[in-house]
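Student: The structure follows.
The values are calculated or read from the model by the stated rules, or taken from the named source; none is laboratory data. All of these numbers come straight from a predicted model, not from anything done at the bench. Only protein heavy atoms, including side chains, enter the accessible area calculation; ligands, DNA and RNA are left aside. Shrake-Rupley method; radii C 1.70, N 1.55, O 1.52, S 1.80 Å.
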Amino acid sequence: RLIRLVNELLLLARADAGRNMKREPLLVQPVLEETLRLTNHLDNNRKIALDSSADIKILGDRDALKQVMLILLDNALKHSNGDVNVLANRDGSNVEISVQDHGQGMSAEKLEHIFDRFYRGDEEPVVMGFGLGLPIAKALVEGMGGTIQIKSQLGEGSTIKMHFLASNQEK
């Protein structure tokens with residue numbers, strides 16, 4: 001646990017320092033497929049569904065997007081019992097990538113602090129973590145020029161949405 005905490009703190013420090021993230025044309029679907037393969041082993045009894053078209057590109061950093069998706073999928077699996085949905089679609093000059101779980105959801109009070117460092121909305125010792133995953137995800141998304149937000153309803157689950165600038169350029 002200590003090694004994990006140190007690694008998360010180092011990742012957050014690099015993001016805070018304006019780590020040189022690339023902003024290059026990046027096909028989204030291969031990154032999403034790779035992260036789904038990596039997270040499927042965390043819970044073999046649950047399905048992570050992907051809905052994305054193969055030609056969606058953003059201006060972004062492959063490694064940063066992969067790290068963000070790993071954080072979001074890990075959180076969705078930790079804090080819900082049902083299947084998880086990942087959706088990517090393009091709307092004009094923007095791309096929206098969302099991760100939706102069907103868990104217990106969060107109250108408005110908890111949502112206000114969800115991107116705060118070391119904030120844990122669920123204090124159960126059964127759920128591992130230090131409250132750094134979502135702050136890291138936010139720093140990485142913003143480092144790529146994107147935005148991230150969460151919507152949640154008690155008893156219905158949560159959806160995290162990220163918005164990035166779409167790319168029409170060839171890599």
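Student: Given the pairs Lys57/Lys151; Lys66/Lys151; Lys22/Lys110, which are separated by over 26 angstrom at their Cα positions?
Tutor: Pairs exceeding the cut-off: Lys22/Lys110.
Student: Tell me the Kirkwood radius of segment 33-117: reciprocal of the mean inverse pair distance over distinct alpha-carbon atoms, in Å.
Tutor: Details: mean 1/r = 0.0707 Å⁻¹.
Roughly 14.1 Å, rounded to one decimal.
Student: Amide H of Gly145: which non-local residues (sequence gap of 5 or more, or other chain) have their own amide H closer than 5 Å, using H built in the peptide plane?
Tutor: none
Student: Next question, about the same structure. Expected output is a single nm value to one decimal: the length gained when fully extending between His113 and Lys161, i.e. 0.36 nm times separation in residues minus the C-alpha distance. What is it?
Tutor: Here the segment from His113 to Lys161 would lengthen by 15.6 nm.
Student: Which percent of the accessible heavy-atom area of segment 69-112 goes to carbon and sulfur, probe 1.4 angstrom?
Tutor: C and S fraction of accessible area: 44 percent.
Student: Hey, another quick one. Per residue of segment 53-70, in order, report the coupling 6.51 cos²θ - 1.76 cosθ + 1.60 (Karplus, θ = phi - 60°) as ³J(HN,Hα) in whole Hz, putting x for Gly and Pro.
Tutor: Calculated HN-Hα couplings, in order: 8, 5, 9, 6, 10, 10, 8, x, 10, 4, 5, 5, 5, 4, 4, 4, 5, 4 Hz.
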